[in-house]
Structures are given as structure tokens and as C-alpha cells.
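First the structure, in the form of C-alpha cells, and then the observations on it.
The values are calculated or read from the model by the stated rules, or taken from the named source; none is laboratory data. Predicted model only: the values in this text are computed from it and were never measured. A quick note on method: Cβ atoms are made from the backbone with ideal geometry, for glycine too, and the neighbour counts reach across all protein chains shown. For the accessible areas, the whole protein counts, side chains as well, though only heavy atoms, and no ligand, DNA or RNA atoms are used. Shrake-Rupley method; radii C 1.70, N 1.55, O 1.52, S 1.80 Å.
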Amino acid sequence: MNMHKYEKIWLLFGTATLLIFLIVVGISAFYMGNQPPSCAVTLNPEKVHATAPFDDPGLKKIGDNEYQLTVVASAFNYDVGTDDKIVQIPKGATVHFNATTTDVVHGFELAGTNVNMMLEPGYISTYTNTFNKAGKHTLLCNEYCGTGHHLMSATIEVVE
Amino acid sequence: MMKVMKGIHSADAKLTMAHMYVAFFALLIGATAGLMQTLVRSGKVTLPAGIGYYQILTLHGVVLGLVLTTFFILGFLVATQSKTAGKYSSGERKWAWAGFWMMTAGVVTTATFILLNEASVLYTFYAPLKAHPGFYIGLALVIIGSWFVGFVIFHRHARWRKENRGERTPLLSYMAVITMLMWQIATLGVAATVLLQFLPWSLGFTETIDVLVSRTLFWYFGHPLVYFWLLPAYMAWYAIIPKIVGGKIFSDSLARLSFILLLLFSIPVGFHHQLTEPGIDPFWKYLQVVLTFLVVIPSLMTAFSLFATFEARGRELGAKGLFGWLKKMPWKDVRFLAPFIGMVWFIPGGAGGIINASNQMNQVVHNTIWVTGHFHLTAATSVILTFFGIAYWLIPSMTGRKLTAKMNKWGIIQTIVWSVGMAIMSGAMHWQGLLGGPRRSAYSEYAGNADTASWGAYQIAQAIGGSILFIGMIIMLVIFVNLAFFAPKGKEEFPIAVVGETSGTTPKVLENWKLWIGVTVALILFAYTIPFIDIIQNAPPGSKGFRLW
Ligand code: HEM
Ligand SMILES: [Cu+2]
Ligand SMILES: [Cu+2]
């Protein structure tokens, strides 16, 4: 098969760029730990309310400006442990999100942050984020879950 | 009476047209639903008569993503196969008709249950949302029917090889085989989940369903699905557009090689749609990300070939300099303009795809309306404008009519209207997605915070774009009806380009199907076996069904 000289250069350049790109992505993932949420811990989806920590959703302080936020999603609600669905965290706090669903697949997206994961029945989803700016972030569902899908929300408020 | 002059054997032309009627009817229904979605999302309109947003969104996804595309593609492949490999035997034609009627019956069944509000589960039908069994039965019929048509395409190709031993097969016939091979191998996944998981579960034979297994099987199919839309567009770009511009195919062997690479790297990559899911090991996610990106190589080959063809033709016509060819292209010929604009849209579309698949960056855009903006560029613009570009000559060529200067002009207007509408709608979707706006969502004010409130303006822009697109759809349908029923009788060219002198010989190995199917299967097993065993072994208790609409 004959290839035009320019085409060889073009493909060589393209393939080299691709390789560099994949290596960068790989180093970021496996050396720097920037992995997508892949917790792979399971639980019984019908016994969520009886399984720790989901038997007691909400914010817990676990260290110096470090928190764990446990959230139980269900159609069409996020149980974040407060009645007004507002969770306040201090600026600079590191929060470990811990979430699951009691029924169908839901999304777990905190607008304006990189917290974005799928909640699937039987699995626990986890992700950690540090909040360095004050303000309100809306937690919302970005996977279709039924007629009330667009009504699921809560607020994470980062306070000074 | 004038003799009807069709581009292919008239019994085959009838078969193609049957597919086209369904495809363009789907366009009417789907784009109307699309307009309503954008209007609802603007916050200014509510749907009448108790129709649900997610009901019409399910309709939109099924009718455009699955019906329009599959029917158009099969009709187009049936025609190119008949044109390049020769007419079908009457036996082949019967099987193809059986496939067509099965698919059509499937579409009617599925659509009925969506309209009855028994299946508002969206076109991805993620478990454990449980639709009426009729919804899944209809989908299964569409898939199985498409296999019949696919086997007819394979059979015609094999027959050509027997009749012409040792000769190089026609390029378009070869490409049709690769396209259908990809489809048949990929649909095994969705057929497995529908027939073995969803159907028994929705009929009540099984109590629970393994959600992650069903999602993994779905996405094993879902990514090659988008390449199944793209390959017929590539067929036109490689082997038809050169003829329309008056040039030749740049290289027969490179065209075949790029199709082989697309086959290999389109299937073992479904995890890139599942990057943010909890149940899959990050190593295997990354591995499939690497395989995903290997399609960059055939994509670069394609871009090179296309522009080489244009430039060579431009120089033949006396163009000078790097971009001189641009002045020599037949801009006023809609058969060229529409697919060319489609190609141009593929540049930002492809760039967006690179972002989506980038392991970590995916988390920024996953399930935001950015993704919807992305595939309205790639599928609903690049691919669809190319399909429209094909329709302008294929329909009259099948019905023994002519594309008139007037319809050509309307086609040019259609291309511009669609591009403008999509630029506005898709642009606003991309932007809103970057700000976090979710996809698959009716209008909502959420908790009333400032972040979500800032999305309103983008949703209004989407409604403006959607309205322009709706007009574009109407123009297209008028052209279609004209070309199918009213245009003057005559012989419209069925353009097939020939290979250029510089193309060189084509290595025999490219036609060694045992080898390529073997490599495809090996790659799939490599990418899926271990994680799939993992998923099954570590599975949580299954889920019972929910009806939440
Ligand atoms: C008049 C033209 C069109 C308009 C106004 C339109 C509008 C829309 C809108 C607003 C959405 C997103 C809704 C949401 O996420 O809540 C959507 C989704 C979608 N569109 Fe279109 N669209 C058009 C044409 C097309 C075409 C031609 C195709 C296919 C080739 C297509 C395929 C899809 C698919 C597959 C979805 C995803 C559905 C889902 O998320 O379940 N659309 N469309
Ligand atoms: Cu939801
Ligand atoms: Cu994909």
C-alpha cells in the first residue's frame, strides 16, 4: 500500500500527539490519583436505611476542617440530613461525599464543581472535593429518574 | 408515456424507498418533539393534554436516534450495494423485505407504548425503570429485522466475490459490509440485555435485574451505535463526494484501511460512557479510554483523504496556492454543499468528543446538556446534513425523477437554516453544560440559587435555535415529498467515484474477513472479559422494577 509522503508526516504527527496525550491522561490518573469515581463497594439497595452510614445521612466532622457528607437519593429527593436541604460547610473544608440510591439510577452533580457521579442501586459512590470559595452550590440530579427528575435538589453552602 | 429511469434495479429501488418513507416520517415526528422540548425548557410553555416532557423526550430519542438513522442507513446501503455489486436475487429481496416489515412493526409497537405513556424511560431505557413489555418487544423486533437486512447486504457482497473471483470488490460494497458488521456485532449486546434481562423481568418471569450488567451491555452497543451513524456518512465522503466535485478517490486502500480501523476501535470502548459509575474498576476504564482514542488515527486518515481529493480537483481546474481549491468547488450544488457543511461541523464535533472521552475531563461534562449539544453537532448535523445531501440525489434516482434547480435552491436554503439553528441551539447547550446545566431535564428552578438561575438565558437561546431547526425540518420534508412524488421524470445520476491513478494496488489482506472479525472479537474479549466477570462476581442484590412516571 503506498502512502503519500505528506500523509505519512500527518499521521506520524497525529499519532505522536495522541501518545503524548494518553500518557498525560494516564499519569494524571495513576500517579496523581485523578481517578473517576469508582468505589466498587456494594450494599443491599432495599436495606439502605439500615446500612451505615446511610442510616444517618448528613454532615459529620471527621478531622481538622474535614467532613463526611452522607446522602441518600430517592425519587425525587436528596436526603442530606437537614429539613431545609441546606448543608453549610466552612470555607477551605475538604468534604468526602458518600452517596447511594434506594430506588433507580440518579445523578449526583454539584454545579460549579467537579463533583459529578452516578448513583446506582446496590453501589456506593464516593468523591472528595475541597471548597476554597464561598458561595452556594446546587446539588442536582443529572440522570433521568422519572417525572420529578428535575425537581431533585439540595444546596451546599460554603460559608466564610 | 415516458420510460422511468431509475439508478438501480427498480425492485431494489422500491425497497430503498420503503426505508426512506419511514425515515422521513420519523424526522417529522422527532423534530416536532424536539421543538416542544426546547419550548418547555425555555420555561415559557407547558405541554397540553397531560403530555409529559419525558414522554416526548423518549419519543424524540427513539424516533430520531434509532428510527430515522437506522432506516435511512439501511435504505442507503441497500441502494449502494445494488448499484455497486449488482441487483439482488429475488430470494435476497424477500429476506430484506421481511427485515423491513419486522423493523416497521417494531417501531409501531414501541411508539404505541410510548404514546400510551407506558414507557417514559428514554431511549436508553436504563434499569430499574421498568417499561411495558411491548416497548422492549418493539425494540427487539427493530434489531432483529435489521439483522435480516444486514445479512442480505453480506450475502450480496459474498455473491459478487464468487462471481468475480480474485478481483478487488467495489469500494462502497466493501464499506457497506464493514458498516453492517459493526452493527451486527454491536447489537448483540443490546439484544442480549433486552431479550435476556428486560423482557423476562418486565413480563414478571424474573423478580430483579442486574443494573450494572444491563448498562454495560447497553453501552457495549451504545458507542458503536454512533459510529454506525457515521460510517455511511464516511462512505459518501470517501466514495461519492469526489464524483460530485468531478474528482477521483484519493486512495482505495487507505479508505478500506480506515474502515477496518473504525471497526476494530469502535466496539471495545463502551466504558467511556460509564466513567462516573461506581461499579467499574478505574484501570479498565482507562484501558477503554485508550482504545477509544485510537479512532483518532482513521479519523486523521479520513480528513487527509478528503482534503487531498478536493485539492487535487481544485488544481486540475487551475487553482493555485494552499486554499485555491476552495474557489473551485461546486458550492451551488447542494449534493456537495450539504455534506461539505456536515464535514466542517465535524471539526468542532470531534473536538468535543475528545473532551468527553478524556478520562478525567469527562467528569466536568458528564450528563450535562453539553453532551446533548455535542451529539446534535456530530449526529444531528454532520451525519444528518450528509444524509440530506445523499437524499437530494438518492430519492429522485430511486423514483426515476430529477432534482430540479428549484429544489436544489431549497436544499441550499435548508442547509443554511439547519446550520444556523444548530449553531444557536448546540452552542447554547455546550455553554450551559459547562456551567453545570443537566441534560434530560424539563424546566426547573431547583433550589432557587444563583448558579441554576443563570441557565435560563441559555435555555431561551435553545428554544430560538430549536424553532429555526423546526423550519429547516419542514423545508427538508417539502423537498423529500417533491423528489419522491412530484419532481419531473428523468434520470438522476447515482454518483459513484472511481479510484485515482495514484491510488496504487490494494493489498489482499484488507479483504480477509476471517482475520478482521477475529481481531475485532479478540479486542472485545480483551477489553471486556475481566471487568465483566468482575461486575458479575461483585454484584449487589438485583433491583426490582420502578415505574416513576
Ligand atoms: C428540530 C431539530 C431538533 C431539535 C429542536 C432537538 C432538540 C433536542 C433537545 C432540546 C434535546 C435535549 C432535551 C433534554 O436533554 O432534556 C434533544 C435530545 C436528543 N436529540 Fe434532538 N433535536 C433535534 C434534532 C435531532 C436529530 C436530527 C437527532 C438525531 C439524529 C436528535 C437526537 C437526539 C437524541 C438522541 C437526544 C437525547 C435524548 C435523551 O437524552 O434521552 N435530535 N434534542
Ligand atoms: Cu433524576
Ligand atoms: Cu461513545
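Keeping all protein chains in the complex and leaving out DNA, RNA and ligands, what accessible area do you get for B:D534 with a 1.4 Å probe, in Å² to the nearest 10?
Its accessible surface works out to 60 Å², give or take rounding.
Would you mind counting up the charge near B:L15? Only other residues with Cβ under 11 Å from its Cβ, with Lys and Arg at +1 and Asp and Glu at -1.
Once positives and negatives cancel, what remains is +2.
Quick one: which bits of the stretch B:350-366 get at least 50 Å² less accessible when the partner protein chains are in, versus the chain alone, with a 1.4 Å probe?
Checking the loss per residue gives B:Q360, B:Q363.
Rounded to the nearest 0.05, what FRET efficiency do B:N512 and A:M3 have when you use their Cβ-Cβ distance and R0 = 22 Å?
0.65
Express in nm, to one decimal, how much length is gained between B:L196 and B:Q537 on full extension, taking 0.36 nm for each residue of separation and deducting their alpha carbon distance.
120.9 nm
Could you work out how far apart the two model spin labels at B:I355 and B:L434 are, taking each label as a point 7 Å from the Cα in the direction of the beta carbon, and quote it in nm?
Modelled inter-label distance: 0.6 nm.
Order these peptides, B:31-37, A:45-51, by their mean beta-carbon neighbour count within 10 angstrom, highest first.
Taking the mean over residues of other Cβ atoms within 10 Å, the ranking is B:31-37, A:45-51.
What do you get for GluC sites (Glu not before Pro) in the stretch B:101-202 restricted to DSSP loop and a cutoff of at most 14 other Cβ within 10 Å of the site's Cβ?
The qualifying sites are B:E167.
State the three equivalent ellipsoid semi-axes of the stretch B:153-222, derived from the C-alpha gyration tensor as the square roots of 5 times its eigenvalues, in descending order and whole Å.
The three semi-axes for the stretch B:153-222 are 38, 12, 6 Å.
Please state the shape class of chain B: rounded when a/c is under 1.5, otherwise prolate if a/b exceeds b/c and oblate if not, all from the C-alpha gyration tensor.
Rounded.
What average count of beta carbons from other chains do you get within 10 Å of the Cβ of residues in A:14-22?
The per-residue average across the peptide is 4.
Rounded to the nearest 5, what is the percent of antiparallel bridges among the DSSP beta bridges in chain A?
Roughly 70 percent of the DSSP beta bridges within chain A come out antiparallel.
Which residues of the stretch B:251-295 end up with at least 40 Å² less accessible area in the presence of all protein chains than when their chain stands alone, using a 1.4 Å probe?
B:L254, B:T276, B:P278, B:P282, B:Y286, B:F293
Which residues make up the longest stretch of chain B that has no trypsin sites (Lys or Arg not before Pro) in a DSSP loop with at most 10 other Cβ atoms within 10 Å?
B:321-549
From other protein chains only, count the Cβ atoms within 10 Å of every residue's Cβ in A:23-34, then give the mean.
Other-chain Cβ atoms within 10 Å of each residue's Cβ, averaged: 3.
R0 = 56 Å: FRET efficiency of B:W95 with B:L322, Cβ-based, nearest 0.05?
So, using R0 = 56 Å, E works out to roughly 0.65.
Would you calculate the separation in nanometres between label points at B:V519 and B:K544, each defined as 7 Å from the Cα along the Cα-to-beta-carbon direction?
If labels sit at B:V519 and B:K544, their model points lie 5.0 nm apart.
Give me the percent of the accessible area of chain A that comes from carbon and sulfur atoms, probe 1.4 Å, all protein chains in place.
Heavy-atom surface of chain A belonging to carbon and sulfur, 1.4 Å probe: 57 percent.
Quick one: which of B:353-359, B:442-448, B:67-73, A:138-144 comes out on top by average Cβ neighbours within 10 Å, and what's the full order, highest first?
Descending packing order for the listed peptides: A:138-144, B:67-73, B:353-359, B:442-448.
In Å², and per residue, what accessible area does the protein assembly as shown have when probed at 1.4 Å with the other protein chains present?
In whole numbers, the protein assembly as shown has 37 Å² accessible per residue.
I'd like the orientation of helix A:5-30 relative to chain A: the angle between its Cα long axis and the longest Cα principal axis, in ° from 0 to 90, rounded to 10.
So the helix axis and the longest Cα principal axis differ by about 30 degrees.
Ballpark to the nearest 100 Å², how much total accessible area do A and B bury together, probe 1.4 Å?
For chain A against chain B, roughly 5600 Å² becomes buried.
Output the antiparallel fraction of DSSP beta bridges having both residues in the protein assembly as shown, as a percent to the nearest 5.
So the antiparallel bridges amount to about 65 percent of the total.
Between A:D84 and A:Y31, what is the spin-label point distance in nm, taking each point 7 Å from the Cα along the Cα→C-beta axis?
Placing both labels 7 Å beyond Cα along the Cβ direction yields 4.7 nm.
For the stretch A:120-136, list whatever residues lose no less than 50 Å² of accessible surface once every protein chain is in place, relative to that chain by itself, with the probe at 1.4 Å.
Residues of the stretch A:120-136 that lose at least 50 Å² of accessible area once the other chains are added: A:E120, A:Y123.
So for chain B, averaging the separation of alpha carbon pairs under 8 Å that are six or more residues apart and normalising by length, what relative contact order in percent results?
Over chain B, the number comes to 21 percent.
Just the Cα atoms of the protein assembly as shown: what Rg and Dmax do they give in Å?
According to the Cα coordinates of the protein assembly as shown, Rg and Dmax are 25.7, 91 Å.
Shielding by partners for A:45-58, please: the mean number of other protein chain Cβ atoms within 10 Å of each residue's Cβ.
The mean count of partner-chain Cβ atoms within 10 Å per residue comes to 1.
In whole percent, and with a 1.4 Å probe on the protein chains, what portion of the accessible area of the stretch B:121-230 is carbon and sulfur?
Here it works out to 66 percent.
Which helices pass in chain B if a helix is a full DSSP H run, must span at least 15 angstrom along its long axis by Cα, and must have mean Kyte-Doolittle hydropathy not below 1.6?
Those that clear 15 Å and a mean of 1.6 are B:171-192, B:252-266, B:456-481.
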